[in-house]
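Before any comments, here is the structure.
The values are calculated or read from the model by the stated rules, or taken from the named source; none is laboratory data. The model shown is predicted, which means the values in this text are computed figures rather than measured ones. When we count neighbours, we look across all protein chains shown, and the Cβ atoms used for this are built from the backbone with ideal geometry, even at glycine. Protein only, heavy atoms only, side chains kept; ligands, DNA and RNA dropped before computing areas. Shrake-Rupley method; radii C 1.70, N 1.55, O 1.52, S 1.80 Å.
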Amino acid sequence: MTDEDHRERRARRMNLAVMVSLFSKGGNSLIQLVALPLAMRALGDSFAVYGLMLSVMWVVYMADMGIGGGVNRRIASASARDDKEAMRRTTSVGFFATCFFCLVTAVACSLVLTFVPVTTLFGEGFAPYAGELRLCLWIGLAIFLGMVSLSTFSCVRDGMQEVHVINSFGAASNFVQAAALLVGLHYFPDVWFLIVAMFGTQFLAFLANAIHLLWKRPWLVPRWSDVSVPVIRTMLGEGFIMFLAFMLAPALQREGMKWLIGWKIGPKAVEHYTILTQLGFFAAGFVVMFMRPLWPAVTEAVSRGDFPWVRQMKNKVWLVWSVCSLLGIMCMGWCGPWLLEHVYIRKPVSLDGRDMALYGAVLSLTIWSAVNYYLLAGCGDLRRPAFLLAVESVFALLIGTAGVHYFGLDGGLAALSLAMLLFSAWVLPVRLQRLLRSQASPANPSVA
C-alpha cells in the first residue's frame, strides 16, 4: 500500500470511530447529563455521597497502573507490521499484569474499608452518611475492578483502530443504562442503585467487547506461556509513564480537589463541585470521541514516518480547541447559572457566573493539556511530559489547599487553572511543535 492508501485507511477508521462514538460516548455523556438532576432530586442530601464515592472509584480505576497505555501503543505498532505474535504476547502480558494489580488493589481497599472509619477518610461532615457510604464503596469497588480487569481488551481494540466496535457495545449499554435510571430511580432512590445503573451497565459493555474480540480472534486469548519477563518490564515502564499522565495526574487534580473541598468546607460544597465536574465529563466525553481514535492513528502514522499527516492533524485539533474553549467559557460565565437553576437542575444552587467561568477555564486548560499529550504520546515522547503533569498536579493541590481555605470553591478552581498555566498549558505545545519541526521534510516545508 502507498502512503496515500494508508492515510485514507487511517482517516476512514477515525471517521468511523467518531461516528459510532456519537451514539456511544455521546449517548453516555448525554445520559450522565440527564441523570444529574434526576439523581439530585431523588437522592436529596445523599447526592454528596455519590459525588465523593465517584472520587474514590476513579482512584480505584487506576488499578492497572497505566499498563493499558503500553498495550495500546504496542498493539498499534504490531498491527502496522501485521505481527500477530507480538499482538498475542502483548495481550497476554497486559491481561495477567492487570489482573495482578486488581487483586492487590482489592486486598488493600478491603482492609481500609474494614478497619478505617469513614470519618477518618472523608471528614466529620460525612458522619451521618457513614453506613450508606461504606456500602456504596463496596459495590463500586467490585464493579470498577471488574471493568479494570477487562480493560486490556479495550486497549487492544484501540491499538487496532477498532474503537468503533467498542463504541457499538457502549451504545447498546446506553439503552439499558437509560431504562435503569429513568425507571429504577423512581423505585430505588438510593445511591447504591445509581452506582449499579450507571456503571454496572458499563461493565457489561466491557465484558461483551472482550467476548466478541476473543471469539473473532481466538489467537488473542491470553496464555500464561506468552508472558515473558522482558516484555513485562518494558510494558511496566511504559505503563508507569501512561499511569502518571493519563490517570494519576488528572485524578490528583480533579478528585484530590474534591477531597480537599470536602475536608475544608463540607458536603454541600462537594455537591456543587460534583455538579461542575459532571458537566465537565459531558464536555470531555465529546473530546474523547475524537482523541481516542487519534492517538493510535498518530502512533501508526509515526511508525510509517508520515509526519506531515501528524502536523496536519495537530493544526486541526488546535484550531477546534481554540474556538470551542472561547465559546465554552463565555457561555458558562454568562448563561451557565441561569440555565443551571431554571432549565437543568431546576432548583437553587449556590453557583454564580464566576464559579462557572472559573470551571470553564479549568476544563478548557485540562482538555488543552490532554490533547497535546495525546499527540506527544503518539509521537513517542512520553516520559518528560508525564513527569511534568505529575509535578503540576502536586503543585495544584499545594496551592489549592490555601485557595480553598481562604477563598472556598473559587480558590480551588483558580488554583487548578494557575497550576496548568504555569506548567502544561505552554510546555506541552512548545515541546510538540519542536518535535514536529525536527521531523519536517524538505519536500513539505509548508506543513511544518
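Residue-wise test of (1) assigned to a helix (DSSP H, G or I); (2) within 29 Å of residue 420 (Cα to Cα); (3) at pLDDT 80 or above; (4) out of contact with any strand residue (DSSP E or B) (no Cβ under 8 Å at 6 or more places or on another chain).
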position: 214; (1), (2), (3), (4): yes, no, yes, yes
position: 235; (1), (2), (3), (4): yes, yes, no, yes
position: 246; (1), (2), (3), (4): yes, yes, no, yes
position: 256; (1), (2), (3), (4): yes, yes, yes, yes
position: 260; (1), (2), (3), (4): yes, yes, yes, yes
position: 282; (1), (2), (3), (4): yes, yes, no, yes
position: 286; (1), (2), (3), (4): yes, yes, no, yes
position: 294; (1), (2), (3), (4): yes, yes, no, yes
*Residue that is surrounded by the fewest Cβ atoms within 10 Å (Cβ to Cβ) [pool: residues in the range 85-143 that are out of contact with any helix residue (DSSP H, G or I) (no Cβ under 9 Å at 6 or more places or on another chain) and closer than 29 Å to residue 265 by Cα]*: 115
*Among the candidates 415, 377, 419, single out the residue that is more than 20 Å from the chain's Cα centre (by Cα), aliphatic (A, V, I, L, M) and open to solvent by less than 40 Å² (accessible area, probe 1.4 Å).*
415
_Filter the range 296-324 down to the residues that are surrounded by 21 or more Cβ atoms within 10 Å (Cβ to Cβ) and modelled with pLDDT under 80 and list them by number._
296, 297, 299, 300
_Going residue by residue through the range 193-202, is there one that turns out to be surrounded by fewer than 16 Cβ atoms within 10 Å (Cβ to Cβ), in a helix (DSSP H, G or I), at pLDDT below 85 and at negative phi?_
no
*If we scan the range 150-169, do we find a residue that is of a type in the set (A, V, I, L, M), in a helix (DSSP H, G or I) and either at pLDDT 85 or above or touching a Leu at 6+ places or on another chain (Cβ under 6 Å) (or both)?*
yes
*Among the candidates 403, 408, single out the residue that is buried (at least 18 other Cβ atoms within 10 Å of the Cβ) and either of a type in the set (Asp, Glu) or part of a helix (DSSP H, G or I) (or both).*
403
*If you scan the range 216-233, which residues turn out to be modelled with pLDDT under 80 and open to solvent by 30 Å² or more (accessible area, probe 1.4 Å)?*
228, 229, 230, 232, 233
*Residue within the range 98-117 that is under 30 Å from residue 303 (Cβ atoms), modelled with pLDDT of 90 or more, in a helix (DSSP H, G or I) and touching a Pro at 6+ places or on another chain (Cβ under 7 Å) present*: no
*Residue count for the range 172-192, restricted to those that are more than 15 Å from residue 203 (Cβ to Cβ) and either among the polar types (S, T, N, Q) or surrounded by 20 or more Cβ atoms within 10 Å (Cβ to Cβ) (or both)*: 2
*asked:* Cβ-Cβ distance below 6 Å, separation of 6 or more or different chains: which pairs start in the range 81-107 with a residue that is closer than 27 Å to residue 137 by Cβ and of a type in the set (A, V, I, L, M) and end on one that is modelled with pLDDT of 90 or more and crowded, with 16+ Cβ neighbours inside 10 Å?
replied: 106/145
*Here are some conditions: (1) within 30 Å of residue 387 (Cα to Cα); (2) not in a helix (DSSP H, G or I). Residue 189 meets all but one. Which one does it not meet?*
(1)
*Where in the range 1-80 are there helices (runs of 4 or more DSSP H), lying wholly inside it, with at least 1 residues that are at pLDDT 65 or above and more than 21 Å from residue 277 (Cα to Cα)?*
3-23
*Go through the residues of the range 327-339 one by one and say whether even a single one is over 28 Å from residue 74 (Cα atoms), of a type in the set (Phe, Trp, Tyr), assigned to a helix (DSSP H, G or I) and modelled with pLDDT of 90 or more.*
no
